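Student: Once you've had a glance at the structure underneath, I'll fire off some questions.
The values are calculated or read from the model by the stated rules, or taken from the named source; none is laboratory data. The model shown is predicted, which means the values in this text are computed figures rather than measured ones. Reconstructed Cβ throughout: ideal geometry from the backbone, glycine too, with neighbour counts over all protein chains shown.
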Amino acid sequence: MTYCVGLKLKAGLVLLSDTRTNAGVDNIARFRKMFLFEEPGERVVALMTAGNLGVTQGVVTSISAAVKRSKIDPEIESIMSCETIYRAAQIVGESMQEIQKRDRANIEAQGAAADATIIMAGQRKGGDLRLFLIYTAGNFIEAGEDTPYLQIGEHKYGKPILDRVIRSETTVDEAIKAALVSMDSTIRSNLSVGMPLDLAVIPVDTFHAHTQRIESDHKEFRQISDSWAQSLRTAFHALPSIKIT
């Protein structure tokens, strides 16, 4: 399985994904689930994927090929040449529909699930930061002021911290910590999510993603994980007791 989370703040976008895939207890591998597209000074788009690996790789391959063709032929529309980031989300959804139409029946005939989801985030020059969740059917929703984050994959373990901490006004540094705590909580509770992690930060109006690969021996991540666990234990023991009479 997987876990990916995207946070949309006034200061920028924070994106985090794991790299573990699981096709059974004896078939665990690492695959990148975050993909970045940049046009310096003009546009940046990020994709994070979850679900059937063949489907998501097919979608990403199709989108990447269209981006390459659009650089040669301006008449070809791609996520990097379309008019708006909203239209880019539609293009990703259309690609999802095409792959599902082509492969879904054969995948399910083999007893496998064909469902997949994609988080798409980005900004174009003159536009706002956008964050979308694209479903298997190709339809999508957008993160807003009330819920400025989106998750895909094994999301339930990492949701509580985001609900309590993340607001549009949250700083990028605080959002990175919250995303890492959310991921750490998921890794501790679900063996199908695992290291290494891919982190990307897209500050508003920079059209550039700052990235980092976080391995299991990453010093700061280990400190965050250990400190969060200790803080939870301390807070738990400080809770009032309920007396039963």
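Student: Identify, from the list Ala46, Ala29, the residue that is at pLDDT below 95 and assigned to a strand (DSSP E or B). First the steps, then the outcome.
Tutor: Numbers: Ala46 fails: at pLDDT below 95.
None of the others qualify; the one that does is Ala29.
Student: Checking Ile141 against (1) surrounded by fewer than 23 Cβ atoms within 10 Å (Cβ to Cβ); (2) touching a residue at least 12 places away in the same chain (Cβ under 8 Å); (3) out of contact with any Gly (no Cβ under 8 Å at 6 or more places or on another chain); (4) not small (Gly, Ala, Ser), which single condition isn't satisfied?
Tutor: (2)
Student: Moving to a separate point now. Report yes if some residue within the stretch 91-109 is within 17 Å of Glu42 (Cα to Cα), in contact (Cβ under 8 Å) with a residue 40 or more places away in the chain, surrounded by 21 or more Cβ atoms within 10 Å (Cβ to Cβ) and touching a helix residue (DSSP H, G or I) at 6+ places or on another chain (Cβ under 8 Å); otherwise report no. Break it down into steps so the answer makes sense when it comes.
Tutor: Of the residues in the stretch 91-109, the ones within 17 Å of Glu42 (Cα to Cα) are none.
No, every residue in the stretch 91-109 fails to be within 17 Å of Glu42 (Cα to Cα), in contact (Cβ under 8 Å) with a residue 40 or more places away in the chain, surrounded by 21 or more Cβ atoms within 10 Å (Cβ to Cβ) and touching a helix residue (DSSP H, G or I) at 6+ places or on another chain (Cβ under 8 Å).
Student: So which residues in the stretch 77-120 are charged (D, E, K, R) and either more than 25 Å from Tyr3 (Cβ to Cβ) or at pLDDT below 95 (or both), if there are any at all? I'd like the intermediate steps shown before the answer.
Tutor: Applying the first criterion (charged (D, E, K, R)) to the stretch 77-120 yields 77, 83, 87, 94, 98, 101-104, 108, 115.
Once the filter is applied, which keeps residues that are charged (D, E, K, R) and either more than 25 Å from Tyr3 (Cβ to Cβ) or at pLDDT below 95 (or both), the stretch 77-120 yields Glu77, Glu83, Arg87, Glu94, Glu98, Lys101, Arg102.
Student: I'd like the residue in the stretch 191-213 that is surrounded by fewer than 19 Cβ atoms within 10 Å (Cβ to Cβ) and in contact with a helix residue (DSSP H, G or I) (Cβ under 8 Å, 6 or more places away or on another chain) and, out of all such residues, is farthest from Tyr3 (Cα to Cα).
Tutor: Pro203
So that you can scan it fast, the table gives a plain yes or no per residue for (1) over 16 Å from Ile202 (Cα atoms); (2) under 14 Å from the mean Cα position of the chain (by Cα); (3) assigned to a loop (DSSP other than H, G, I, E, B):
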residue: Ile152; (1), (2), (3): yes, yes, no
residue: Gly158; (1), (2), (3): yes, yes, no
residue: Ile161; (1), (2), (3): yes, no, no
residue: Arg167; (1), (2), (3): yes, no, yes
residue: Ala179; (1), (2), (3): no, yes, no
residue: Met183; (1), (2), (3): yes, yes, no
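Student: Return the total of residues in the stretch 193-216 being at pLDDT below 95 and more than 18 Å from the chain's Cα centre (by Cα).
Tutor: 1
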